[in-house]
Amino acid sequence: MNAGKWFAAIVLLQMAFLVGEAAMRQRGLDTGRPLVLRVHPVDPRSLFSGQYMALGFDAEDIDAAHLPVSASLKAGSTAYVSFRPDTPYARVASVESSPSRFSGVVPLRATVRWRDGKRLRVDFGMDRYYIPEARQAEVNRLWWNGRQRDVSALVKVDSKGRGVIEHILVDGKPLPY
């Protein structure tokens with residue numbers, strides 16, 4: 001095989017990978033089960049990534065004293081945090097090492113950051129929400145104007161427990177981007 005064919009094959013494989021990743025995320029948005037999770041927004045800027053909101057989810061800090069938590073979970077392991085969709089925010093029902101099969105719960109995959117007896121810290125891997133640079137001033141006015149805002153994320157969870165942020169909600173209303 002000559003160099004031109006190798007180059008074309010490599011380019012096609014890279015494009016197939018990118019299209020597959022995008023299709024997987026879109027499928028999660030189209031077919032995923034919805035959860036509304038409370039978040040704490042932070043508003044950084046990255047020279048390479050552009051404007052984004054760094055998000056900290058309340059549900060990533062779990063009080064294990066009042067919930068069923070799998071004893072096998074250690075730092076670095078995969079956990080499934082099962083939520084009961086509730087109003088206004090989803091509630092953590094359990095934390096397990098495999099997805100819960102109970103009806104009425106939505107298992108969201110996470111990585112255990114640390115555990116110390118009664119506390120468990122996990123990471124859902126959804127800590128950035130990108131915003132258009134032209135909308136930065138508008139976003140700043142939404143929650144940095146001296147008034148406490150209710151900020152949450154509408155997350156869609158696919159059948160494998162992967163979560164994708166569909167919208168950021170400020171006082172119950174989705175941001176328009």
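FYI, it's all coordinate maths here, none of it is from the lab. Here the structure is a predicted model, which means the values were calculated and not measured. A quick note on method: Cβ atoms are made from the backbone with ideal geometry, for glycine too, and the neighbour counts reach across all protein chains shown.
Over the chain, what is the relative contact order in percent, taking alpha-carbon pairs closer than 8 angstrom and at least six residues apart? Mind dumping the intermediate values first?
Details: 330 pairs, mean separation 43.7, N = 177.
Worked out over the chain, it gives 25 percent.
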Would you pull out the residues with amide H under 5 Å of HIS167's amide H, same chain only if 5 or more places away, H placed 1.01 Å from N?
-> LEU154
Summing -39500 (n - 2.57) over every DSSP H run of at least 4 residues in the chain and dividing by its residue count gives a helix-only mean residue ellipticity at 222 nm, to the nearest 500 deg cm²/dmol, of -7000 deg cm²/dmol
Taking the Cβ-Cβ separation of ARG84 and ASN140 as r and a Förster radius of 41 Å, what is the calculated FRET efficiency to the nearest 0.05?
-> 0.75
C-alpha center-to-center spacing [the stretch 80-107, the stretch 59-77] in angstrom = 13
Built amide H within the under 5 Å cut-off of ARG128, gap 5+ = LEU55
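The stretch 87-177: which trypsin sites (Lys or Arg not before Pro) are DSSP loop and have at most 15 other beta-carbon atoms within 10 angstrom? Write down the numbers at each step before the final one.
Numbers: sites: ARG91, ARG101, ARG109, ARG113, ARG115, LYS118, ARG119, ARG121, ARG128, ARG135, ARG141, ARG147, ARG149, LYS156, LYS160, ARG162; in loops: ARG101, LYS118, ARG147, ARG149, LYS160, ARG162.
The qualifying sites are ARG101, LYS118, ARG147, ARG149, LYS160.
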HN-Hα J couplings of the stretch 172-177 from phi, Karplus 6.51/-1.76/1.60, θ = phi - 60°, integer Hz, Gly and Pro as x?
-> x, 10, x, 5, x, 9
